[in-house]
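Visitor: This structure is in structure tokens; I'll ask about it shortly.
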Amino acid sequence: MTTALVALLTALFITNVNASPFDFEDESYINDIPFDTKEVYNEIMNERNLAQFDFEDEAYIDDTPFDTQCVTAQCFYQKAIRIDFNFTEESYIDDIPFDTQQNVVQATHKAAIEQVYNFSDEAYIDDIPVELFTTTKRIESMELVLNKKCE
């Protein structure tokens with residue numbers, strides 16, 4: 001019961017604050033801090049003497065075994081192409097257990113077969129010569145005659 005009452009009052013308070021009919025005007029600046037905070041900070045820093053360090057010059061120590069300006073991929077590339085690499089000729093090793101040329105031919109053939117070709121319909125062309133048609137009919141007739149006689 002108490003929790004519900006507190007929740008209800010909280011909800012009403014939030015609603016009343018957000019829907020307040022009061023419109024407050026901006027107040028004029030009031031100089032209520034009797035000291036300058038910037039000067040107080042500067043005084044503390046001066047008392048601590050944090051800004052006054054006196055370092056002695058050190059002798060140069062060559063402890064970096066590489067040129068720090070040249071630690072880039074481009075620099076390594078330039079150095080590598082200046083070197084003449086001489087490798088001895090290796091003997092042939094048949095370490096690939098398949099024919100790479102045959103695999104390429106098979107893959108190319110498979111890709112060509114799987115490709116979908118869309119051809120438009122062509123007009124009918126009578127490109128079979130009459131002699132071929134007549135010859136085909138004669139052969140069919142002879143086969144029929146021969147088959148009848150053989151039976």
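Visitor: Please determine whether any residue of region 44-59 is of a type in the set (Gly, Ala, Ser), within 48 Å of the chain's Cα centre (by Cα) and exposed (fewer than 10 other Cβ atoms within 10 Å of the Cβ).
Guide: Within region 44-59, not a single residue is of a type in the set (Gly, Ala, Ser), within 48 Å of the chain's Cα centre (by Cα) and exposed (fewer than 10 other Cβ atoms within 10 Å of the Cβ).
Visitor: Restricting attention to region 128-138, does a residue exist that is within 34 Å of the chain's Cα centre (by Cα) and polar (S, T, N, Q)?
Guide: No, region 128-138 has no match at all.
Visitor: Considering region 91-105 alone, what residues qualify as being surrounded by 10 or more Cβ atoms within 10 Å (Cβ to Cβ) and not acidic (Asp, Glu)? Working first, answer last.
Guide: Of all residues in region 91-105, those surrounded by 10 or more Cβ atoms within 10 Å (Cβ to Cβ) come to 99, 103-105.
Result: ASN103, VAL104, VAL105.
Visitor: Among the listed residues ALA123, ALA107, identify the single one that is free of Cβ contacts under 8 Å to residues at least 24 places away in the same chain and either under 30 Å from PHE66 (Cβ atoms) or in a helix (DSSP H, G or I) (or both).
Guide: Matching residue, one of ALA123, ALA107: ALA107.
Each reported figure results from applying straightforward, stated rules to the coordinates on display, with no laboratory input. If you're wondering where the values come from, they're calculated on a predicted model, not measured in any experiment. Neighbour counts are summed over all protein chains in view; Cβ atoms, including those assigned to glycine, are modelled from backbone coordinates with ideal geometry.
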